[in-house]
1. Assign one of three labels to segment 121-173, namely rounded, prolate or oblate, based on the Cα gyration tensor with a ≥ b ≥ c the square roots of its eigenvalues; rounded applies when a/c is under 1.5, prolate when it is not and a/b is larger than b/c, and oblate otherwise.
2. Would you work out what percent of the accessible area of segment 208-363, with all protein chains in place, is carbon or sulfur (probe 1.4 Å)?
3. I need the phi-derived Karplus couplings for segment 25-37: 6.51 cos²θ - 1.76 cosθ + 1.60, θ = phi - 60°, integer Hz, Gly and Pro marked x.
4. Please list, in chain and number order, the residues 5+ apart from T381 or on another chain whose amide H is under 5 Å from its amide H, with Hs placed from the backbone.
5. As a test of reading the structure, rank L310, L71 by solvent-accessible area (1.4 Å probe, protein chains only), most first.
6. Relative to the longest principal Cα axis of the chain, at what angle does helix 4-18 sit, 0 to 90 degrees, rounded to 10?
7. Could you let me know the centre-to-centre spacing of segment 186-217 and segment 80-138, using Cα atoms, in angstrom?
8. Report the accessible area of L95, computed with a 1.4 Å probe over the heavy atoms of all protein chains in place, in Å² rounded to the nearest 10.
Amino acid sequence: MMNTKEIIKRLREEISQTMEGADDAQIYEYIEEKILGMEELSEKSAEECSYLVQYVFHALRSDLSILQPYLEDEEVAEIMVNGREKIFVERKGKLQRVPIAFEDLEELEEVVRRAAARVHKEINELHPIVDARLPDGSRVNAVYGNIALGGPVMTIRKFPEMGFSMQDLIRFGTLSEACARFLEQLVRAGYNLFVSGGTSSGKTTFLNVLSDAIPPAERVVVIEDAAELQLRNVENLVRMECRSANGEGMGRVTMAQLIRTALRMRPDRIIVGEVRGAEVMDMIHAMNTGHDGSLSTGHGNSVRAMFRRLESMYLQAASYPAEAIRSQIFEAVDIFVHLGRMPDGSRRLIAVTELAGLDERGEPLFNPLFDYSAESGLQATGNTLKRQEKIKWRGTDYGGGLQQI
């Protein structure tokens, strides 16, 4: 019996010879007619034939092959491919395995290579890891089969075509209206905010929403490893993206390089998509050189853990005394916003904490402003913002205390 790979090869040749210029609907109809008319498939059920028609159509017409329907499914937030057969999606916050599989490892490898090639990157045995993005803005991470033992691994994080607003997050229960208004005031007033959280806790989405509060007249430079942010209200916007080295090891552009060149672009604010290593030193220097209102994100389990990670990442770039590094972080970051993912898959704002100072031993002093608990949700702590200079300087209506916001 003819296998799927042979069917795809035969139909690809027929379509290229007889259907030049045909649209997707015509090609789908042609594939359906051909497959249903194959004697070799006469014993297949109607459901099996329907699946085969869709499989062959997407294999021929979509860069992502059989993954394409899940990319188009609005309920799917993430697609996870663990080798040829084990494919999972996150739908409404829950992971579920889907009943599809690639015909062979070569087909999966080809899908991974096409995704990388779209952003002029390559993935192969010499360069086995790639971060890329799809035309719709979705983020792709892929690991080649020579280091992923069960076959190539591919993870696609989807982003909505229309970004969420702060009102959307309030409706979803991510944060309270009082906290939302407070954070918007801080952004307008030029406070430097750092958004932390675990994997898939909503950091990028939240950073997008915070950026809506940036005054539209300001010049903003955005720097990302792979472009994800969707700033909507800033007209004077510069976006830059890191670049991997080519096959000859040339042409690499790092986040640290982009942050340094951003300082020469006369930005009012600098937004760094996510810091993961030594580039944190350049981000902190940028925040310390008059670019009030800068924003960034990073992976951390809590506000205190995120502070320690920033300190540790700084040490990767320069062997400075711990006290000096902590002082630099204190001068750079005003507010930590920490997000978490709940057991039911929902995202919640867990804490808004001011970095209020350093004690006599150089340890950070945190001033909790909003805290989340399972019993009462997100509540104001009653503490007053201590670093009010920027509020007073820019004239933003603060009201004198969190209780009055």
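1. prolate
2. After summing per-atom areas, the C and S share lands at 48 percent.
3. Ordered by residue, 3J(HN,Hα) equals 4, 5, 5, 4, 4, 5, 4, 4, 4, 5, 5, 5, x Hz.
4. HN-HN under 5 Å from T381: F370, D371.
5. So the residues, ranked largest to smallest area, are L71, L310.
6. Approximately 80 degrees, to the nearest ten.
7. Taking the Cα centre of segment 80-138 as reference, the centre of segment 186-217 is 29 Å away.
8. L95 has an accessible surface of roughly 110 Å² with all protein chains in place.
The values are calculated or read from the model by the stated rules, or taken from the named source; none is laboratory data. Note that the structure is predicted; figures quoted are calculated from it, not measured. Heavy atoms of the whole protein, side chains included, go into the accessibility calculation; ligands, DNA and RNA do not. Shrake-Rupley method; radii C 1.70, N 1.55, O 1.52, S 1.80 Å.
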